[in-house]
Amino acid sequence: MAVTVKRRSTTEDDITAEALRRIEGTPDPRLRRVMLGLVKHLHAFVKEVELTESEWFEGIKFLTATGQKCTDIRQEFILLSDTLGVSMVVDLINHRKPEGATESTVFGPFHRDGAPEMAAGGNIAPKDQKGLPTLIRGRVLDLEGRPIAGAILDVWQADSHGLYDSQNPNSEELHMRGKFRTDKDGGFVVRTTLPVAYTIPTDGPVGDMLKATGRHPWRPAHTHFVVSAPGFEPVTTHLFESTDKYLDSDTVFGVKDSLICEFARHETADAAAKQFGVAAPYYTADFDFVLKPAMAPAGAVR
Ligand SMILES: [Fe+2]
């Protein structure tokens, strides 16, 4: 008499099918979709490249080192996501803006909480003596072009050496960071130094990955902003300096045409320079941020 023996998983595709089957019962529907997609594509990747055991272990070591490189002020996983283009794909999926709203870009790994609130024209770069004085000014507007008073601009930037404060091993002090509140006309003025191109940190696993794949680590000169106001969707973005040679090859894929801004050079101290105590030569960048309404229902606390 024939005995029926239960067939075990024996091929690559059997394992994939069984792994997916075991996830299908995930109670949360969103988590179920994400996990099914993740396992499906991870298995497909391994099969496509016919991953060797040593390559698999190298991958484990790489991810382990990436986690071990992270500290309170260094986020190597964000850097990895950024340099693989994943952050910008997530950004584009999640921020499909209506025509006219300021576009978003990567948050990046260098934001820090606790930036001080400053008055209009406040200098975020008091210790950057070699930097070229710069005023970034404009208004925060709604989609109809009406000014938004009381909007907050959280600003951060690398100094003229291309370094963020968190990259200084000898100091935990905040520098090149500030929060600015728009006036009744939606206006703001940030005093900083001219942003410069910089390399992302290359002394960790992400740097090794860039080197192994023949890529440069440069980001075009930019200033970071998160602009927010009650009743509006906040936007995380940059302003990019328009003459930078890395605009077309940003190592984190963050450049969008609408965020490229001219930083105009002034050889003499005009009224704006005098008002904010800026010595010539100095630069100005004029940019209006446009926010779209929040998705939250009217009256919801944000
Ligand atoms: Fe940056």
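The values are calculated or read from the model by the stated rules, or taken from the named source; none is laboratory data. As the structure is a computational prediction, the values presented were derived from the model and not from experiment. No Cβ is skipped: glycine too gets one built from the backbone with ideal geometry, and neighbour counts run over all protein chains shown. Heads up: the accessible areas ignore ligands, DNA and RNA and are worked out on the full protein's heavy atoms, side chains in. Shrake-Rupley method; radii C 1.70, N 1.55, O 1.52, S 1.80 Å.
Of note:
- Asn168-Met295 FRET efficiency (beta carbon distance; Förster radius 41 Å; 0.05 resolution): 0.60
- For segment 96-157, the solvent-accessible area of protein heavy atoms averages 47 Å² per residue (probe radius 1.4 Å; ligands and nucleic acids excluded).
- Rounded to the nearest 20 debye, the dipole magnitude of segment 199-302 is 260 debye, with +1 charges on Lys and Arg beta carbons, -1 on Asp and Glu beta carbons, and the Cα centre as origin.
- Using every pair of distinct Cα positions in the chain, the Kirkwood expression returns a hydrodynamic radius of 22.1 angstrom.
- Paramagnetic reach from Asp208 in segment 42-80 [backbone N under 15 Å; point 7 Å along Cα→Cβ]: 54-70, 76-77, 80
- For segment 50-115, the relative contact order works out to 29 percent when only alpha carbon pairs closer than 8 Å and six or more residues apart are counted.
- Rh (Kirkwood; distinct C-alpha pairs) - segment 187-302, Å: 16.9 Å
- Inter-label distance, Cys70 to His41: 1.9 nm, where each label sits 7 Å from its Cα along the C-beta direction.
- Whole-percent carbon and sulfur share, accessible surface of segment 36-123, 1.4 Å: 61 percent
- Protein-only accessible surface order, largest first, of Trp218, Trp156, Trp56 at 1.4 Å: Trp56, Trp218, Trp156
- Cα-Cα P(r), segment 138-243, percent of pairs per 5 Å interval: 2, 11, 17, 18, 17, 14, 9, 6, 4, 1, 0
- For the pair Glu58 and Leu20, the difference between a 0.36 nm per residue extended length and the Cα-Cα distance amounts to 11.2 nm.
- For segment 16-98, the relative contact order works out to 15 percent when only alpha carbon pairs closer than 8 Å and six or more residues apart are counted.
- At 1.002 mPa s and 20 °C, Stokes D of segment 43-166 from Kirkwood alpha-carbon radius, µm² per second: 114 µm²/s
- Paramagnetic label zone (point 7 Å from Cα along Cα-to-C-beta, Ser249; backbone N under 12 Å) in segment 208-222: 214-220
- Ordered by solvent-accessible area of protein heavy atoms (1.4 Å probe), largest first, the residues Cys70, Cys261 come out as Cys70, Cys261.
- Listed peptides 172-185, 223-236, 13-26 appear in the order 223-236, 172-185, 13-26 once ranked by packing, highest mean of other Cβ atoms within 10 Å at the front.
- Peptides 160-171, 44-55 ranked from most to least packed, by the mean per-residue count of other Cβ atoms within 10 Å: 160-171, 44-55.
- Among Asp208, Asp72, Asp288: highest mean-square fluctuation, GNM of the chain, C-alpha pairs under 10 Å: Asp72
- Most mobile of Leu79, Leu135, Leu31 in a GNM of the chain (Cα contacts under 10 Å): Leu31
- Cα-based Kirkwood hydrodynamic radius, segment 19-69, one decimal, Å: 12.6 Å
- If you plug the beta carbon distance of Asp185 and Arg215 into 1/(1 + (r/R0)^6) with R0 = 30 Å, you get a FRET efficiency near 0.10.
- For segment 1-111, the equivalent ellipsoid built from the Cα gyration tensor has semi-axes of 37, 21, 13 Å, listed from largest to smallest.
- Based on Cα atoms of segment 118-195, Rg over Rh with Rh as the Kirkwood radius reads 1.05.
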